[in-house]
Amino acid sequence: MSIKLFDTTLRDGTQREGVSLTTEDKVRIARELDSLGVHYIEAGFPASNPKDLEFFEDFDASELANARLVAFTRARRPNGRAEDDPAVTCLTRLSAPVACIVAKSWKLHVEKVLRTTPEENLESVRDTVAYLAGAGKEVIFDAEHYFDGFRDDPAYSLAVLRAAAEAGATTLVLCDTNGGTLPTELKAVVARTVREFPDVEVGIHTHNDSGCGVACALAAIEAGATHVQGTVNGIGERTGNCDLVTTIANLQLKMGLKVMDDESLRRLTEASNYVSEIMNLTPDTHRPYVGRSAFAHKGGLHVDGISKDPATYEHVAPEAVGNVRRTPVGELSGKNSIRAKAEELGLEAGDAAEILGAIKQREYEGYHYEAADASLALLIGRTMGEDRPLFELETFRIISEKRAGGETTTEATIKLSVGGQRVISTAEGNGPVNALDQALRKAIVPLYPELKEIHLSNYKVRILDEHRATAATTRVLIDSTDGKRMWGAVGVSENIIEASWQALVDGLEYGVNGKKS
Ligand SMILES: [Zn+2]
């Protein structure tokens with residue numbers, strides 16, 4: 001059995017709050033999905049907004065190597081004619097070879113929202129499908145609210161599908177538009193529908209409102225659906241759509257249904273991150289299969305098991321989807337985690353018990369090393385007597401001045417010795433940490449020119465005992481990069497400047513002395 005993958009990230013996915021894509025963004029995502037090997041890419045609703053129309057006018061569908069480009073529209077208005085409805089006719093002028101037509105399949109909507117008769121709704125479906133099929137389009141038919149409609153009046157919901165199939169639709173997609181149907185009920189309805197339409201492909205479109213978006217899609221496929229719609233990372237309106245990434249991995253690795261070649265499957269993690277990045281969404285690190293934490297082993301027992309046989313604590317091999325196994329070090333870690341981590345960082349672990357003791361003490365004070373590889377590597381090194389500071393601090397002082405009605409200016413002065421020389425350096429910045437960073441760099445760059453390539457890429461502050469308000473402990477995480485790799489450093493103090501200083505210094509020291517990979 002072959003399953004068709006239908007991606008609607010560029011149409012349904014853009015309904016997510018806060019998401020807005022330019023035409024250029026859409027083109028990049030479409031190319032990525034195409035190279036991954038999805039069968040259909042639904043790129044928008046051209047009649048609904050000028051931006052979607054612009055995409056379809058600018059982008060030639062023949063540029064896609066694998067996927068068929070889909071333009072979405074609704075069935076024509078009641079009591080009108082498809083050939084007079086611009087939302088329908090505009091598709092005939094576009095290069096997209098596939099039309100996806102949505103229509104009501106729940107009587108409640110037909111009567112209360114469309115305010116027409118059930119028979120006129122069927123007529124609208126017949127007319128629209130026949131018109132676009134007659135114009136040479138492959139027609140996919142989305143039956144909106146199919147499961148709610150079926151619960152209410154199964155004969156009517158089936159009649160809507162029959163109208164579409166008889167008019168030339170080649171795929172009938174059953175949509176759980178409100179996302180409230182659970183897998184058991186959904187599976188039974190899909191099975192019944194598949195029996196009614198043995199000669200047409202039946203598809204499934206689910207939402208995640210009950211937390212069952214992927215589960216429902218898989219249940220539908222078990223019941224005979226052969227076409228599945230979803231979005232990358234489940235991005236979509238409200239709680240999102242069926243996550244196509246998880247669905248693909250499950251179909252191929254768990255259900256034995258080949259939907260793409262193994263090489264493409266190994267690009268799944270990269271594709272998922274790429275789409276998040278273009279959509280300007282921070283990737284959820286806990287996504288199934290492709291999240292940064294999906295194969296992260298923290299508990300000592302788990303790390304021990306993994307080191308003996310990965311199958312002990314992994315449901316699939318991370319490489320199958322292009323992910324990697326990680327062993328973050330935390331207070332739950334055992335000596336095995338320390339050895340594994342030291343190895344990952346290119347260090348000799350030496351006395352693991354002593355290092356573990358040092359980590360536990362620091363975690364008790366509020367440090368956290370899971371996202372601070374640089375500070376962890378330095379801590380392991382220092383515990384083993386390998387301490388190579390870049391400079392020796394004498395003092396630093398920061399002055400922030402706010403003038404009524406004006407800007408706040410900040411200046412930092414730092415005194416230190418570097419390479420046996422005493423240096424005094426002053427710099428201004430847009431805030432205290434920036435000023436301190438500038439002054440420090442000015443002082444030490446002559447001896448460490450490689451620091452010119454290193455810059456801060458992220459600065460995060462977390463208050464640890466929130467009930468203590470301003471007296472609370474502050475944890476600062478600073479990510480640095482040299483353009484090729486990225487590393488994190490952590491600092492903890494009741495004083496936010498001191499916490500930032502620690503993370504800043506660790507980040508720079510690791511950049512100069514750390515493992516070069
Ligand atoms: Zn939807």
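The values are calculated or read from the model by the stated rules, or taken from the named source; none is laboratory data. Predicted model only: the values in this text are computed from it and were never measured. Every residue, glycine among them, receives a Cβ derived from its backbone with ideal geometry; neighbour counts consider all protein chains shown. SASA here: full protein model, heavy atoms, side chains in, ligands and nucleic acids out. Shrake-Rupley method; radii C 1.70, N 1.55, O 1.52, S 1.80 Å.
Across the range 1-10, the number of residues qualifying as surrounded by fewer than 24 Cβ atoms within 10 Å (Cβ to Cβ) and out of contact with any helix residue (DSSP H, G or I) (no Cβ under 7 Å at 6 or more places or on another chain) comes to 3. Among the numbered conditions (1) buried (at least 16 other Cβ atoms within 10 Å of the Cβ); (2) farther than 22 Å from VAL214 by Cα; (3) in contact (Cβ under 8 Å) with a residue 12 or more places away in the chain, the only one that TYR289 does not meet is (2). Within the range 184-213, restricting attention to residues that are within 16 Å of the ligand (Cβ to nearest atom) and touching a residue at least 40 places away in the same chain (Cβ under 8 Å), the residue that is farthest from the chain's Cα centre (by Cα) is GLY203. No other residue among ASP199, ASP243, ASP261, ASP209 is in contact with a Ser or Thr (Cβ under 6 Å, 6 or more places away or on another chain) and among the acidic types (Asp, Glu) apart from ASP209.
Within the range 301-351, the set of residues being under 24 Å from the mean Cα position of the chain (by Cα), among the charged types (D, E, K, R), at pLDDT below 90 and open to solvent by less than 70 Å² (accessible area, probe 1.4 Å) comprises ARG326 only. Residue count for the range 374-411, restricted to those that are open to solvent by 50 Å² or more (accessible area, probe 1.4 Å) and not polar (S, T, N, Q): 20. Residue pairs whose Cβ atoms lie under 6 Å apart, separated by 6 or more positions or on different chains, with the first residue in the range 361-372 and under 13 Å from ARG462 (Cα atoms) and the second assigned to a loop (DSSP other than H, G, I, E, B), are GLY366/LEU464; GLY366/THR473. On the given criteria, is SER20 of a type in the set (Gly, Ala, Ser), out of contact with any Cys (no Cβ under 7 Å at 6 or more places or on another chain), within 16 Å of the ligand (Cβ to nearest atom) and closer than 25 Å to PRO86 by Cβ? So SER20 does not fit the description; no. Against the conditions (1) surrounded by 14 or more Cβ atoms within 10 Å (Cβ to Cβ); (2) under 27 Å from ALA155 (Cβ atoms), LYS112 satisfies every one except (1). Selection of first residues in the range 78-103 that are in the same structural domain as ASP52 (by TED's automatic domain parsing) and farther than 19 Å from ASN49 by Cα and of second residues that are hydroxyl-bearing (Ser, Thr, Tyr) and open to solvent by 40 Å² or more (accessible area, probe 1.4 Å), restricted to Cβ pairs under 7 Å at least 6 apart or on distinct chains, gives the following pairs, ordered by first then second residue: ALA82/TYR131; GLU83/TYR131.
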